[in-house]
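The values are calculated or read from the model by the stated rules, or taken from the named source; none is laboratory data. Model, not experiment: these values are computed from the prediction. Here the Cβ positions follow ideal geometry from the backbone for every residue, glycine too, while neighbour counts run over all protein chains shown. What goes into the accessible areas is simple: the full protein's heavy atoms, side chains included, and nothing from ligands, DNA or RNA. Shrake-Rupley method; radii C 1.70, N 1.55, O 1.52, S 1.80 Å.
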Amino acid sequence: MNAIAQMGLTRALAAKAAALRYKDIPDTVRAWARQCVLDYTACAVAGASDDLVAMLLAEMQEQGVEPVAAVLGRAERLPVLSAALVNGAASHALDFDDVNLAVLGHPSVAILPALLALAEERGSSGADVLTAFVAGYELECRVGRVIAPGHYDGLGFHATSTVGSFGAAAACAHLLGLDTERFAVALGIAGTQAAGLKSMFGTMCKPLHAGKAAYHGLLAARLAARGFTSRTDVLECAQGFCATHSPDFHPERAAETPPGGWWILSNLFKYHASCYMTHAAIEAARTLRERHGVVPEQVERIELQIEESCDRICNIAAPRTGLEAKFSLRLTTAMGLAGVDTSRLSSYSETIAADPVLIGLRDKVAFDFRSGIRNTFTETTVSLRDGSRVSARHDSGIPATDDTEQGRRLEAKFVALVGPVLGADRTARLIAEIGQFDTLSDLRGLLALGAGA
């Protein structure tokens with residue numbers, strides 16, 4: 001708090017992020033950062049074939065300029081800012097990317113597309129990029145805590161896009177070696193661009209938000225490096241970001257010590273390809289199926305006890321498309337009870353949304369919305385036709401405690417997502433390269449390996 005009182009919130013966060021060095025980062029934090037890179041790469045490669053990526057790619061290619069940066073999962077190359085936008089949108093297209101509850105959003109897909117495009121242009125080392133990523137990640141989480149919960153839960157801003165713009169700007173400013181003043185300028189430029197609405201969930205605009213966060217953050221850092229001007233107190237000033245974007249402003253939270261000392265250790269990786277707030281309901285439904293042998297024809301009624309904000313996040317009642325299915329608590333719960341593999345991308349489709357068995361289960365779901373419980377917690381109670389009732393509960397907001405086991409799960413996810421696109425050999429080589437990410441003198445080879453050429 002002393003630094004915040006003396007320097008102001010924006011400058012204090014800028015100074016802390018700018019001062020981070022590779023040697024300051026514990027081995028465990030480095031390992032989690034590499035896992036974030038691994039997961040981001042898998043999501044970007046697999047998401048590169050989405051229709052929205054083709055549209056964005058066509059639009060960016062029409063802008064011209066010499067292409068210098070890779071598009072993961074594709075043969076095309078783009079200018080640096082365009083690559084950040086397209087890779088960011090691709091990595092969020094499947095809604096399979098990581099989450100942090102401090103942000104109430106997806107941190108890696110806002111930061112890494114910008115940072116890796118910049119690193120490719122500059123020929124930066126893996127250690128420098130990893131350090132910049134951690135600096136941006138930690139700052140992003142601190143900004144998220146300062147304006148929670150009203151920014152996301154109350155006003156309906158998509159924090160992946162808004163708060164993510166600050167994380168991307170911070171990471172890129174660090175890689176560019178900006179001093180505290182220029183760093184704070186970059187945050188100001190990012191803050192005036194930050195946008196994104198939760199009302200767009202279930203449309204192509206949600207993944208666009210991640211791409212725009214990467215774009216805005218990278219643009220902010222590059223402009224700051226050129227001498228562009230901005231306020232250096234964008235977070236706390238009158239009519240600044242916090243005042244205009246949240247009814248809550250808690251600057252003291254920026255000085256909180258997170259569990260384990262680093263916010264990245266609270267990162268949550270996704271193993272279901274749907275909105276994270278559906279994951280607890282899916283897990284509870286799977287438990288009921290596996291532990292109690294519940295099958296669809298036995299079900300009379302399904303009741304979800306769940307935090308009330310989920311009604312505004314992922315409660316599309318009758319989804320028609322695969323994208324809408326990812327944001328339907330009713331349908332994803334039905335999928336869990338019916339034994340549908342919710343980790344498979346093909347499980348989210350118009351066919352699944354129109355399946356009569358799943359629709360029958362979906363329409364039996366009722367909600368008991370509660371306040372004062374975590375929005376990652378669900379208790380599911382199923383009433384059966386024989387008059388009995390069975391229940392299960394799950395909280396998807398608890399980070400892993402075994403990072404080795406987490407690494408194995410992420411590698412399996414990587415193989416499932418990347419293998420069909422790049423083949424087994426390149427997939428294995430990518431895993432090995434990312435495993436030694438911070439020893440690489442230049443990331444261009446890794447990025448070429450991840451591209452579809």
Exercise. For the range 271-388, calculate the relative contact order in percent as a whole number, restricting contacts to Cα pairs under 8 Å that are 6 or more residues apart.
Key: 42
Self-check item: For the range 28-150, alpha-carbon Rg and Dmax in angstrom
Solution: 14.6, 43
Quiz prompt | Carbon and sulfur %, accessible surface of the chain computed with the full protein complex present, 1.4 Å | solution = 50
Quiz item: Tell me, what HN-Hα J-couplings in whole Hz come from the Karplus equation 6.51 cos²θ - 1.76 cosθ + 1.60 at θ = phi - 60° for each residue of the range 376-392, using x for Gly and Pro?
Solution: 9, 9, 9, 10, 10, 10, 10, 8, 9, 5, 7, x, 7, 9, 10, 9, 8
Quiz item: Local charge sum around Arg330 (other residues, Cβ-Cβ under 9 Å, Lys/Arg +1, Asp/Glu -1)?
Solution: +1
Self-check item: Convex hull of the range 199-318 built on C-alpha atoms - directionally averaged projected area, nm²
Solution: 12.1
Quiz item: For the chain, what does -39500 (n - 2.57) per DSSP helix run (n ≥ 4), summed and divided by total residues, give at 222 nm, in deg cm²/dmol to the nearest 500?
Solution: -16000 deg cm²/dmol
Quiz item: So what's the gap between the Cα centers of the range 93-156 and the range 389-453, to the nearest angstrom?
Solution: 17
Exercise. Describe numerically, in nm with one decimal, the distance between label points set 7 Å from Cα along Cα→Cβ at Glu256 and at Ala15.
Key: 2.3
Exercise. Give Lys326/Lys364; Lys212/Lys364; Lys16/Lys413; Lys23/Lys198; Lys16/Lys326 a once-over and call out the pairs whose C-alpha atoms are over 30 Å from each other.
Key: Lys212/Lys364; Lys16/Lys413; Lys23/Lys198; Lys16/Lys326
Practice problem: Using only alpha carbon pairs under 8 Å that are at least six residues apart, calculate the relative contact order of the chain and give it in whole percent. | Solution: 20
Quiz item: Under the rule that a partner needs its Cβ under 4.7 Å from the first Cβ, which Cys of the chain have none?
Solution: Cys36, Cys43, Cys141, Cys172, Cys205, Cys237, Cys242, Cys310
Practice problem: Arrange the residues Phe228, Phe96 by how much accessible surface each exposes, largest first, with a 1.4 angstrom probe. | Solution: Phe228, Phe96
Quiz item: From the Cα gyration tensor of the range 214-263, with a ≥ b ≥ c the square roots of its eigenvalues, which class applies: rounded if a/c is under 1.5, or else prolate if a/b is larger than b/c, or else oblate?
Solution: oblate
Quiz item: Local charge sum around Arg385 (other residues, Cβ-Cβ under 9 Å, Lys/Arg +1, Asp/Glu -1)?
Solution: -3
Exercise. Please report the base-10 log of the normalised intensity I(q)/I(0) for the range 326-453, using a Debye sum with one equal scatterer per alpha carbon and no solvent, at each q in 0.10, 0.19 (1/Å).
Key: -0.54, -1.14
Quiz prompt | q = 0.13 Å⁻¹, the range 78-171: log10 I(q)/I(0) [Debye, one scatterer per Cα] | solution = -0.41
Quiz prompt | Backbone N within the range 206-225 under 20 Å of label point (7 Å from Met55 Cα along the Cβ vector) | solution = 206-216
Quiz prompt | the range 345-372-the range 1-58 distance, computed between alpha-carbon centres (Å) | solution = 34
Quiz prompt | Separation between Cα centres of the range 241-299 and the range 198-227, rounded to whole Å | solution = 23
Quiz item: Using alpha-carbon pairs under 8 Å, 6+ residues apart, how would you state the relative contact order of the range 206-326 in percent?
Solution: 15
Self-check item: Over the chain, volume per residue of the alpha carbon convex hull, in Å³
Solution: 128
Quiz item: With a sphere of radius 13 Å drawn around the Cβ of Val185, what net charge do the other residues whose Cβ falls strictly inside it have (Lys, Arg +1; Asp, Glu -1)?
Solution: +2
Quiz prompt | Per residue accessible area in Å² of the chain, where ligands, DNA and RNA are left out and the probe is 1.4 Å | solution = 37
